[in-house]
Amino acid sequence: MNSDETRKPFPLRPEPVTADETPDPVHQNSDMKEVAARLMAGALLLITDTYSTGLAVLSELKKQVFGRRKSESVEMGGEDFQDYRTRRAAFRQASNRLLVPVEQNRIALRKSPDIGWLRELYPDIQNFLLPFPQIQGLNSSWQWFLKGVRFPVLKHEIYPWYGTYFPTRFDHLKLFDEWLIKYQGRKERALDIGAGCGVLSFQLLKHGFRHIIATDINPNAVITVRENARHQGVQDRLDVYMSDLFMIWKDEDEDGKKADLIVLNPPWLPADEDTGMLDRAIYYEPGLFDRFFADAGDHLVDEGKLVVLFSNLGHTTGIGEGHPVENELARFKRFRKVRLLQRKVDGPSRKTRRPDHRKDEFVELWVLEKY
Ligand SMILES: C[S@@+](CC[C@H](N)C(=O)[O-])C[C@H]1O[C@@H](n2cnc3c(N)ncnc32)[C@H](O)[C@@H]1O
């Protein structure tokens, strides 16, 4: 395969908003209750003075969507997760109608952060409008990119591009590390499917795998893994392709190039609506696991191992329909279970405002072999 085919995928970025008419202005003296209500009713509004006006509007909007008491309460443990998702979707839609002006690739508001992504991701346009929440996302992503993310299983940071998934909890990474320490099989070639920021690929390299091939459907993840591999000087041992699961190899004769190990850390929750690319790191689409298991065997040597990291989060939130790995094992004779390792997840921090569905959560490491 010619790796230049996918060398420079065009990165994902928040889409600039095009408005037919100039959106009405919002400033610090606006009536925030009215502003929030207008956003809920579908109006596009433009912040015209300082960055903090955007924060004030979002704070008021949050009260209107979630209710004052709930938005301030630390514990939402009893609230139904579906209801929470619905409100969150309403909040997301309304807040994305609050716009920020960008001029010469900088935010044209007083007291705004400098966000390098506005230059890096928009080389083709200088002046445009972006939703305030997208600006916030770009800002925190830029901070992570500058600082790098540290993982307890790696000796180096990973610098994730905007829009690239990286784990903020590490139980499943530790589980994978523990399993890799004991792994006795061949270490010639491994595939990391849905690589995200590439943390599992770097773990595989750390444990002596000679060649890793990572894939992800998200172009920014591909850029992240590629740039970080270069940064670590391992670009000869870590290839990365933009691919829907194993699609990149669809027309190839893979005989003799099968992997000793395939690892997948998929999204852990089923999607309930049309998921955007960024959500595809968190929510899996119908049929994803079926497609994965149907093809995985063709890319694995006979004695190779298929490792799937998963969690019972779908079960504890009540939104998963069955367990995708258990379903696969029960329905087909493509793989058999060799081991299942589990690890309890630490509960959320006391300050979190999210529903506490993680208190009974386990992460799982499934080891499967071909029949
Ligand atoms: C939960 S994240 C895991 C990332 C990384 N492996 C880790 O353990 O941190 C899932 C990743 O799978 C990717 N993904 C989702 N659907 C995919 C597909 N059909 N083909 C390839 N990658 C996919 C997402 O873009 C995301 O990066």
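Does PRO14 meet the test of being assigned to a loop (DSSP other than H, G, I, E, B) and either modelled with pLDDT of 95 or more or of a type in the set (A, V, I, L, M, F, W, C) (or both)?
Numbers: assigned to a loop (DSSP other than H, G, I, E, B): yes; either modelled with pLDDT of 95 or more or of a type in the set (A, V, I, L, M, F, W, C) (or both): yes.
Yes: the conditions hold for PRO14.
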key: Matching residues, segment 168-197, being within 11 Å of the ligand (Cβ to nearest atom), free of Cβ contacts under 8 Å to residues at least 60 places away in the same chain, assigned to a loop (DSSP other than H, G, I, E, B) and more than 14 Å from ILE262 (Cα to Cα)   = THR168, PHE170, CYS197
ask   = Of all residues in segment 198-220, which are more than 14 Å from the ligand (Cβ to nearest atom), charged (D, E, K, R) and not in a loop (DSSP other than H, G, I, E, B)?
value = LYS206
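Before we move on, is ILE223 part of a helix (DSSP H, G or I) and away from the ligand (no atom under 15 Å from the Cβ)? Before you say what the answer is, go through the steps one by one.
Details: part of a helix (DSSP H, G or I): yes; away from the ligand (no atom under 15 Å from the Cβ): no.
So ILE223 does not fit the description; no.
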message = Whether any residue in segment 123-133 is out of contact with any Cys (no Cβ under 6 Å at 6 or more places or on another chain), within 16 Å of the ligand (Cβ to nearest atom), among the aliphatic types (A, V, I, L, M) and not in a loop (DSSP other than H, G, I, E, B) is what I want to check.
response = no
task = Considering each of LYS305, LYS258 in turn, give the residue that is modelled with pLDDT of 95 or more, surrounded by 14 or more Cβ atoms within 10 Å (Cβ to Cβ) and away from the ligand (no atom under 14 Å from the Cβ).
result = LYS305
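Out of the residues in segment 242-253 meeting the condition of being more than 17 Å from the chain's Cα centre (by Cα) and within 15 Å of the ligand (Cβ to nearest atom), tell me which one is surrounded by the fewest Cβ atoms within 10 Å (Cβ to Cβ).
Per the criteria, the residue is LYS250.
The values are calculated or read from the model by the stated rules, or taken from the named source; none is laboratory data. Since we're looking at a predicted model, the values are computed, not measured. Every residue, glycine among them, receives a Cβ derived from its backbone with ideal geometry; neighbour counts consider all protein chains shown.
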